[in-house]
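*Asks:* My structure is below; once you've seen it, I'll send some questions.
Read-outs: derived from the displayed coordinates by stated rules, not from any lab. Remember, predicted model here, so these are calculated numbers, not experimental data. Neighbour counts run over all protein chains shown; Cβ positions are idealised from the backbone, glycine included.
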Number of protein chains: 2
Amino acid sequence: MATIHDVAALAGVSVSSVSNVLSGRTDKLGAETYRRVEAAISQLNYRPNRAARQLKTGHTPMLGLLVPSTANPMYGQLALKIEAAAQERYGYRLLLANTHRDKQHEARMFEDLLSFGVQSVIVVSSMDDERHLENAVARGLAVVSYDRSIDLAEHSQVDHVSPDNFQAGYIATDHLIAHGHTRLAFLVPGGKTVSRSNKVAGFLKRVSEAGLQGSSEVIEGQVAETFGDSELADLGFAMASQIKAMRPMPTGIVTVNDLLAIGLMAGLHQVGLHVPQDVSVVGMDGLSIAAFTNPGLTSVSMPLDAMADAMVQRVVERSQQLELPPINMIFQPDLVGRQSVATPANS
Amino acid sequence: MATIHDVAALAGVSVSSVSNVLSGRTDKLGAETYRRVEAAISQLNYRPNRAARQLKTGHTPMLGLLVPSTANPMYGQLALKIEAAAQERYGYRLLLANTHRDKQHEARMFEDLLSFGVQSVIVVSSMDDERHLENAVARGLAVVSYDRSIDLAEHSQVDHVSPDNFQAGYIATDHLIAHGHTRLAFLVPGGKTVSRSNKVAGFLKRVSEAGLQGSSEVIEGQVAETFGDSELADLGFAMASQIKAMRPMPTGIVTVNDLLAIGLMAGLHQVGLHVPQDVSVVGMDGLSIAAFTNPGLTSVSMPLDAMADAMVQRVVERSQQLELPPINMIFQPDLVGRQSVATPANS
DNA sequence: TTGAAAGCGCTAACAG
DNA sequence: CTGTTAGCGCTTTCAA
């Protein structure tokens, strides 16, 4: 690989002139010098060595992204959007890790990011506790946490970007109630996260407004230890029998995400229950495959593009300006109606 | 951040002793020295600066991964497996980019990888031509190309790892023929890739063995410009009407991947055709969601874990030893039967 | 406007 | 076995 010295030699100028060309400090350069440097650069196909630059400047154009699992299309899509935004807006590249929502993994990744000189991280957060994130901030990382809106009172040093999960739970439930359902269930895997709690809270709020507390409930799956696509769908599939065994059986079900809903619909079919004739189902995430299930899955869709963009912008800005006040951005979800919801049969 | 000098000072030894501890050269160290260095390291929470190390040694523990789109669960899953293998086997981190099968993107990423000092890349290849990959190799990258098995005669400097796509096309077709289908179609998006051509070839081979050339055909979709999940499924959905309009209509359909099959099944349903009663469908990829469609999608599954592992191992080894002879590894696919295939109705 | 030179943090000779 | 030191390639004062 050619170095800045080779370029300088070929152009017959000093290395600092080359450096000035590289950093666009054209004001400090003669037109002729500029031209010759440009020529030398393209002739040698020269690219500055990032490691050297980083060693000098202390930063590198990379963004860390921690997701539970890219096998879940929700996060695969998020990674896609974030990568695009980082690249287009700032020319940053993406350093990706799958955490399986495990703190060990997350902590190890933070160490690595730091040692790689990465200063910006977007984290799809693990369980309730975020002390390890605050710790990372203290060590100099700019951290944006996704899907975990917080109380402003928490006085966190981490930025938070999230869909309004309470609202998501609320409108999903409202949709079922508007269709005449009175016996409702909310399905959630074992393992609490803030986003799940908020969705549950939205569900409960709408249920109690409608006076349906007595006939509605939250059903927690027997743990999904990992967070890929297959485990969640498997869990949904398994939970179908639980639903069938309930007396009285709910007619309207909201699930915490689409994969769970997709598994659930398959499971319901398996145990002889028809969607939407016997049971209506509403998912959350707005996965694009939800449009292609049979029946099509009604789902609460999250504005991924806008959130990805906001996160990238925020985390890079903060990495350049650590003293920004922490923010908490909330994005509104949207119900996408398809065929998995109908008026309940009289019973 | 603490530096190696801080550690040396605190431990009361020289920097080279610290460096020796870091690189595990314990033979050159007194036990006491070792102990004190260890203590100083953990006391300062010291991590070596990768940029400095890289500048000195010329390499960095990162692996590049180029996929068409992580929004396609197939590649999301591949990314997951590769990340895990890279981390576990070699302690490497993953630099990820989505290429949309666009050469511009790929070429730009190669530039960046080089300038970041990354020496190993796994590429889910773009279109037929791989000259840009050879070019990257010439510039010092170790490149493994996925899903594009080649003629050994091609004398490429790139390693190739791929499922046996010919075989995949063959067994999918065989499965339909074994169920009694005689009018077959193979669905493929516009835009040729080697893997698609191979799958088509497998289809045609089995078709001609059965003497069904006259009643079978390959149907090319009107281009899917990008390669995410939604576009492919949309395309499959749209192609359902094409199928329905055919006279005579095929009773058995193989698709080039599962997303296309999932879209197709939804589209067939939409136009009033039942799977598998009217039409049987076989996908390819072995996505885990294929188990949860309605009906469950019969699919040719690829041994992702083994391939991910092989690719990581190969590309890292090659980056350490550039003069290895290029290889071409082929993995055998496997048909997973579900409910989307049945005996055709008499007609 | 351009050039010389220090130094970012680390590794690996080499000398002691 | 331990310490000293010369760079890796770049940016950025500072002097010319």
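*Asks:* Given axes a ≥ b ≥ c from the Cα gyration tensor, I'd like to know whether segment B:202-274 is rounded (a/c under 1.5), prolate (a/b larger than b/c) or oblate.
*Replies:* The shape class here is oblate.
*Asks:* Same structure again: State, to one decimal in nm and shortest first, how far the label point of A:Arg139 sits from each corresponding label point in the other identical copies (label point: 7 angstrom along Cα-to-Cβ).
*Replies:* Label point to label point, same position, other copies: 3.2 nm.
*Asks:* Taking the mean number of other Cβ atoms within 10 Å as a proxy for protection, how do you rank B:268-280, B:95-107 from highest to lowest?
*Replies:* B:95-107, B:268-280
*Asks:* Something else about it: What is the set of long-range amide H partners of A:Asn328 at a cut-off below 5 Å, with H atoms built 1.01 Å from backbone N?
*Replies:* A:His160
*Asks:* Need the C-alpha centroid separation for segment B:258-282 versus segment B:293-340, integer Å.
*Replies:* 27
*Asks:* Would you mind checking which residues have amide H under 5 Å from A:Val254's amide H? H placed 1.01 Å from N; only 5 or more apart, or other chain.
*Replies:* Excluding prolines and chain starts, which carry no amide H, the hits are A:Ala185, A:Phe186, A:Leu187, A:Val282.
*Asks:* Turning to a different aspect of this structure: Where a ≥ b ≥ c are the square roots of the eigenvalues of the C-alpha gyration tensor, would you call the protein assembly as shown rounded, which needs a/c under 1.5, or, failing that, prolate if a/b is larger than b/c, or oblate?
*Replies:* oblate
*Asks:* Using only DSSP helix segments of four residues or longer, with each worth -39500 (n - 2.57), what per-residue ellipticity at 222 nm results for chain B after dividing by its residue count and rounding to 500?
*Replies:* So the helix-based figure for chain B works out to -13500 deg cm²/dmol.
*Asks:* Right, next: Which value, in debye to the nearest 20, gives the size of the charge dipole of segment B:4-48 about its Cα centre, when Lys and Arg are +1 and Asp and Glu are -1 at the Cβ?
*Replies:* Roughly 60 debye for segment B:4-48.
*Asks:* For chain B, take the longest principal axis of its alpha carbons; what is the angle in degrees between that and the long axis of helix B:165-178, to the nearest 10 within 0 to 90?
*Replies:* 30
*Asks:* Further question: For a quick check: with amide H placed at 1.01 Å from N, whose amide H comes under 5 Å from A:Tyr92's, ignoring anything fewer than 5 positions away on the same chain?
*Replies:* Residues meeting the amide H criterion: A:Gln87.
*Asks:* On to the next question. Angle, helix A:103-116 long axis vs. longest principal axis of chain A, Cα atoms, 0 to 90°, nearest 10?
*Replies:* Taking Cα atoms only, the helix is inclined about 10 degrees.
*Asks:* Report, for B:Ala201, each distance to the same residue's label point in the other copies, shortest first and in nm; define the point 7 Å along Cα→Cβ.
*Replies:* Those separations, rounded to one decimal, come out as 5.9 nm.
*Asks:* Which loop-located trypsin sites (Lys or Arg not before Pro) does segment B:43-87 contain, where loop means any DSSP state but H, G, I, E or B and the Cβ has at most 11 other Cβ atoms within 10 Å?
*Replies:* For trypsin sites (Lys or Arg not before Pro) across segment B:43-87 that sit outside H, G, I, E and B with at most 11 neighbouring Cβ atoms in 10 Å, the list is empty.
*Asks:* For segment B:142-195 and segment A:151-192, what is the separation of their C-alpha centers, rounded to whole Å?
*Replies:* 44
*Asks:* Another question about this same structure. Which whole number gives the average, over all residues in A:51-63, of C-beta atoms from other chains lying within 10 Å of the residue C-beta?
*Replies:* Counting other chains' Cβ atoms within 10 Å and averaging over A:51-63 gives 4.
*Asks:* Still on this structure, please answer the following. Any idea what the A:Asp6 label distances to the other copies are, label 7 Å down the Cα→Cβ vector, nm, shortest first?
*Replies:* 3.6
*Asks:* Now for a separate question. Just to check I understand the Karplus step: with θ = phi - 60° and J = 6.51 cos²θ - 1.76 cosθ + 1.60, what whole-Hz values come out for segment A:315-320, glycine and proline as x?
*Replies:* Along segment A:315-320, the couplings run 6, 6, 4, 5, 5, 8 Hz.
*Asks:* Additional query: Using a basic spin-label model with each label point 7 Å from the Cα along Cα→Cβ, how many nm lie between B:Gln339 and B:Leu22?
*Replies:* Output for this residue pair reads 6.0 nm.
*Asks:* Shifting gears a bit: Antiparallel DSSP bridges in the protein assembly as shown: what percent, to the nearest 5?
*Replies:* Counting only bridges with both partners in the protein assembly as shown, antiparallel ones make up about 10 percent.
*Asks:* Moving on to the next point. If you take the C-alpha gyration tensor of chain A, multiply each eigenvalue by 5 and take the square root, what semi-axes do you get, largest first, in whole Å?
*Replies:* Semi-axes from the Cα gyration tensor: 50, 19, 17 Å.
*Asks:* Follow-up question, since we're still on this one. Tell me which of B:Ser216, B:Ser288, A:Thr26 sits at the most positive position along the dipole axis of the protein assembly as shown, charges placed on C-beta atoms (Lys, Arg +1; Asp, Glu -1).
*Replies:* A:Thr26
*Asks:* If you don't mind, another one. If you count, for every residue in B:277-290, the Cβ atoms of partner chains within 10 Å of its Cβ, what is the mean?
*Replies:* 2
*Asks:* Only Cα pairs within less than 10 Å get springs; with that Gaussian network setup on chain B, which residue of B:Arg36, B:Arg93, B:Arg183 has the largest fluctuation?
*Replies:* B:Arg36
*Asks:* Is segment B:165-302 best put as rounded, prolate or oblate by its Cα gyration tensor, with a ≥ b ≥ c the root eigenvalues, rounded for a/c under 1.5, and otherwise prolate when a/b is larger than b/c, oblate when not?
*Replies:* rounded
*Asks:* Continuing with this model, one more query. Nearest 10 degrees, 0 to 90: what angle lies between the long axis of helix A:194-209 and the longest principal axis of chain A (Cα atoms)?
*Replies:* Taking the Cα atoms of chain A, the angle to A:194-209 is about 40 degrees.
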